[in-house]
Amino acid sequence: MDIVYHLKCNAPKFEQHRGYHDGQFAMEMAKNDFFSLQSQFEARGYNVKTFFRNSPMRGRIQVEIDGFFYYVELFKSK
């Protein structure tokens with residue numbers, strides 16, 4: 001089975017849905033991109049709440065932009 005890590009973001013100007021295919025390199029890239037988005041939100045002064053776990057790898061960022069809440073999701077699928 002091919003495991004794919006997904007990174008989805010619905011925040012304005014950051015909207016994306018990326019797929020990272022199985023392997024240690026893919027997992028690290030997905031994790032790096034997830035935390036990169038968190039850093040970008042924080043650098044702009046947005047209110048950010050982050051949840052992340054390594055095993056199984058899963059993450060969620062809630063970011064408040066102009067009074068609206070947006071989300072970043074990191075998860076894997078088979």
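Bear in mind that the values in this text are calculations on the coordinates, not laboratory data. The model shown is predicted, which means the values in this text are computed figures rather than measured ones. All Cβ positions, glycine included, derive from the backbone under ideal geometry; neighbour counts span all protein chains shown.
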Exercise. Given q = 0.14, 0.20, 0.22 Å⁻¹, what are the Debye log10 I(q)/I(0) values for the chain, with equal point scatterers placed on the Cα positions and solvent ignored?
Worked result: -0.42, -0.81, -0.95
Exercise. Which of the lysines could be linked to K78 by a straight reach, that is with a Cα gap under 28 Å, when you skip same-chain ones fewer than 8 residues away?
Worked result: K8, K31, K49
For this session: Can you check what the net charge comes to around M57, using other residues whose Cβ is under 14 Å from the Cβ of M57 (Lys, Arg +1; Asp, Glu -1)?
Result: +2
Exercise. By counting other Cβ atoms within 10 Å of each Cβ, how are R44, R58 ranked from fewest to most?
Worked result: R44, R58
Seminar exercise, completed: In nanometres, the difference between 0.36 nm per residue of separation and the alpha-carbon distance of Q62 and Q16 is 15.1 nm
Problem set entry | Helix 24-43 axis, angle to the chain major axis (alpha carbon atoms, nearest 10°) | 0 degrees
Problem set entry | Simple Cβ-charge dipole of the chain, Lys/Arg +1 and Asp/Glu -1, about Cα centre, in debye nearest 20 | 180 debye
